[in-house]
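What follows is one structure encoded as structure tokens, with my remarks underneath.
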Amino acid sequence: MPARLISIFAPLAVGILFLLLWQGICYFWHIPPYLMPAPSDIARSLFSNIDTLGHALYSTLTVTLAALCVSVVLGVLVAFVLVQHPLIERSLMPYVVLMQVTPVVALAPLIIILVKTTLLALVICATLIAIFPIISNTLQGLKSVDPGLEAFFRMHKASRLKTLLRLQIPSALPMFMAGLQISSGLALVGAVVAEFVAGTGGNSAGLAYEILQAGFQMDIPRMFAALFMITLTGLALYMATSSIRKLVLHNRVEH
Amino acid sequence: MQETVISIQSAEKTFPNGVQGLAPITLDIHPKERIGLIGPSGCGKSTLLKLIANLHQPSSGYLTWWNKGFAEVGKENRRLSFVFQEPTLMPWSTVRKNVRLPLDLEGISPDVSAPRVQQALEIVSLAHAADRFPAQLSGGMKMRVSIARALVTRPNLLLMDEPFGALDELTRNRLDEDIATLCAKDDLTLLFVTHSLYEAAFLSTRVMVMAAHPGRIFAEYEIDPSIPRNEEFRLSDTFATICQDLSKLLIQASQSSLLAEVA
Ligand SMILES: Nc1ncnc2c1ncn2[C@@H]1O[C@H](COP(=O)(O)OP(=O)(O)O)[C@@H](O)[C@H]1O
Ligand SMILES: [Mg+2]
């Protein structure tokens, strides 16, 4: 069997085996669904609540993607500003790090109180978490320009704009793509965290809010169903960014 | 006054860390000369080349390019190309676009540059690989792309820093012959660094033997420019004599470098 198929079917087989085992344990020991729901209970809950869960997914996805877009635009912009001069980087980088090391969970309640529009507040929280890898990776990428090529551009008297477009941006692309992939995962984490915080105030609609609500009602299968959808979203984001990365960089690897 | 391509007037290079890469050097390079630089490693060969390419500024002294300042370089009949030790290609661009780069930077439109790129690729026998990416090429092919990129501007002065160091001897000999043919045909002045004295003997009309601590020109050796540089020359007694002479000079230069280091 070709390696490609193995890499798809082998993990799939492990997953199915795991679900069967789980189902079997719940069945034979008669574990009640409110303690540990069997995969079949979760699936049933998923289908019976598909409307609400679908809406919740839509809401979480909106926040995640909006935060990812804002992170990319702002993060790249910040990286470009930082790379202009070592002095700018030295003066501003500590604040970028400060923003990164401050746990956004601690900041989220404040943001949600201050920002009246819930959606905007959620996007701000998720962006605060997701933006750092974009900034740091793009910055590293912009600085990773081949010194020989840089000398070549200088020798040919290339303008600043041409050097940026033809040398710096393409050089930064691999690092940026790696940052994008990390950031897409973090945007989802940020969206979920923000929804939890906002959800305790009762004015949210995402998947985290569904988990909270299901928890209040002791509807454990629905909790699992919402969790399942979050995981699936994360996986989809990972695969999407990974494909984009491969598509953009496929010429640079030896084959 | 005879026109010089490059005139170096007591140019000296001391790096910010205090290392003197090059003691004051005075040297004139005339049109159609082919100068080979040999010498032990660390004797300032690359530093000298970078001064000429304006990638380093001299700490004292000055240089002129075609009796003018560097601002005039790049204009008609004052074109300079540099082949680095590494291929330094853009991994994200095809061979064709890599070769086209200097023309793009000059603002020449792709329609005008296309035939010139094609011609440069033909010189290095890479026309068939124009649409490949650097990652798909062997080391020798990458180096040939780098040479095509240097030739596409039709340079009047070509600088090369150990360009074929990583290639096998056969490939290297073939490229040397191509360069020799090119120099004979065009109004091309050549200055190259090599660690192979055979290469220096084969291509040069003048060999500079350099020594270190500090970097300086230790000896000059002239080779009759009228000798055609081909396979026949490589097998001749003249060539063997030149290689012997250069070999002796190189040994003396290394000894002088060592003595200077101890002192
Ligand atoms: N950027 C630099 N900073 C400090 N020292 C340097 C730098 N570049 C070269 N040198 C030093 O200058 C001397 C000459 O270097 P180089 O011209 O590269 O020698 P070569 O090319 O002949 O091997 C060496 O001793 C080297 O260590
Ligand atoms: Mg060198």
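The values are calculated or read from the model by the stated rules, or taken from the named source; none is laboratory data. Quantities reported herein were computed from a predicted structural model and do not represent experimental measurements. Positions of Cβ are backbone-derived with ideal geometry, glycine not excepted, and every protein chain shown enters the neighbour counts. Note: areas computed on protein heavy atoms with side chains; ligands, DNA, RNA excluded. Shrake-Rupley method; radii C 1.70, N 1.55, O 1.52, S 1.80 Å.
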| said: For region B:100-124, give me each residue that is in contact (Cβ under 8 Å) with a residue 40 or more places away in the chain and in a helix (DSSP H, G or I). | reply: B:R100, B:L101, B:P102, B:L103, B:E106, B:I123
| Somewhere in region A:178-191, is a residue buried (at least 21 other Cβ atoms within 10 Å of the Cβ), touching a Lys or Arg at 6+ places or on another chain (Cβ under 9 Å) and not basic (K, R)? | yes
| Which of (1) part of a helix (DSSP H, G or I); (2) away from ligand 1 (no atom under 16 Å from the Cβ) does B:D224 not meet, given it meets every other one? | (1)
| Selection status of B:G42, more than 13 Å from ligand 1 (Cβ to nearest atom), in contact (Cβ under 8 Å) with a residue 24 or more places away in the chain and either more than 14 Å from chain A (Cβ to nearest Cβ) or more than 18 Å from B:A200 (Cα to Cα) (or both) | no
| said: So B:R100 ticks every box in (1) within 16 Å of ligand 2 (Cβ to nearest atom); (2) at pLDDT 95 or above but one. Which box is left unticked? | reply: (1)
| So B:V95, is it surrounded by 18 or more Cβ atoms within 10 Å (Cβ to Cβ), away from ligand 1 (no atom under 16 Å from the Cβ) and within 14 Å of chain A (Cβ to nearest Cβ) | yes
| query | Can you find a residue in region A:132-146 that is open to solvent by 40 Å² or more (accessible area, probe 1.4 Å) and touching a residue at least 60 places away in the same chain (Cβ under 8 Å)? | reply | yes
| field | Tabulated pairs, region B:87-99, first within 18 Å of A:H250 (Cβ to Cβ), second part of a loop (DSSP other than H, G, I, E, B) and among the charged types (D, E, K, R), C-beta under 6 angstrom, 6+ apart or interchain | value | B:T94/B:D131; B:V95/B:R132
| query | Counting just the residues of region B:106-128 that are open to solvent by 20 Å² or more (accessible area, probe 1.4 Å) and under 30 Å from B:E3 (Cα atoms), which one comes out nearest to the other protein chains (Cβ to nearest Cβ)? | reply | B:E106
| said: Of everything in region B:26-46, what is within 16 Å of ligand 2 (Cβ to nearest atom) and either under 24 Å from B:I242 (Cβ atoms) or open to solvent by less than 50 Å² (accessible area, probe 1.4 Å) (or both)? Give them in sequence order. | reply: B:I35, B:G36, B:L37, B:I38, B:G39, B:P40, B:S41, B:C43, B:G44, B:K45, B:S46
| Regarding B:R174, is this residue more than 16 Å from ligand 1 (Cβ to nearest atom) and open to solvent by 10 Å² or more (accessible area, probe 1.4 Å)? | yes
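Quick grid of which residues meet (1) farther than 24 Å from A:A198 by Cα; (2) assigned to a helix (DSSP H, G or I); (3) aliphatic (A, V, I, L, M):
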| position | (1), (2), (3) |
| --- | --- |
| A:V73 | yes, yes, yes |
| A:R90 | yes, yes, no |
| A:V96 | yes, yes, yes |
| A:P109 | no, yes, no |
| A:L120 | no, yes, yes |
| A:V123 | no, yes, yes |
| A:A130 | no, yes, yes |
| A:E150 | yes, yes, no |
| A:A158 | yes, no, yes |
| request: Check A:L167 against each of (1) assigned to a helix (DSSP H, G or I); (2) over 14 Å from B:L101 (Cα atoms); (3) within 11 Å of chain B (Cβ to nearest Cβ) and name the one condition it does not meet. | output: (2)
| said: Can you list residue pairs whose Cβ atoms sit under 8 Å apart, with the first residue in region B:162-175 being within 15 Å of B:S138 (Cα to Cα) and the second being within 16 Å of ligand 2 (Cβ to nearest atom) and of a type in the set (D, E)? Count only pairs 6 or more apart in sequence or on different chains. | reply: B:F164/B:E199; B:R172/B:E199
| request: Among the residues of region B:45-62, write down those that are over 18 Å from B:Y221 (Cβ atoms) and either more than 14 Å from chain A (Cβ to nearest Cβ) or out of contact with any helix residue (DSSP H, G or I) (no Cβ under 7 Å at 6 or more places or on another chain) (or both). | output: B:S46, B:T47, B:L49, B:K50, B:L51, B:I52, B:Q57, B:P58, B:S59, B:S60, B:G61, B:Y62
| When residues of region B:125-161 are filtered for being under 24 Å from the mean Cα position of the chain (by Cα) and part of a helix (DSSP H, G or I), how many remain? | 15
| field | Candidates B:R206, B:R216, filtered to the one that is in contact with a strand residue (DSSP E or B) (Cβ under 6 Å, 6 or more places away or on another chain), farther than 21 Å from B:Q85 by Cβ and at pLDDT 95 or above | value | B:R206
| said: I'd like to verify a number: residues in region B:64-79 that are more than 14 Å from chain A (Cβ to nearest Cβ) and either touching a residue at least 40 places away in the same chain (Cβ under 8 Å) or crowded, with 21+ Cβ neighbours inside 10 Å (or both), how many? | reply: 4
| Unmet criterion (only one of (1) open to solvent by less than 30 Å² (accessible area, probe 1.4 Å); (2) within 12 Å of another protein chain (Cβ to nearest Cβ); (3) within 13 Å of ligand 1 (Cβ to nearest atom); (4) not charged (D, E, K, R)) for B:L89 | (3)
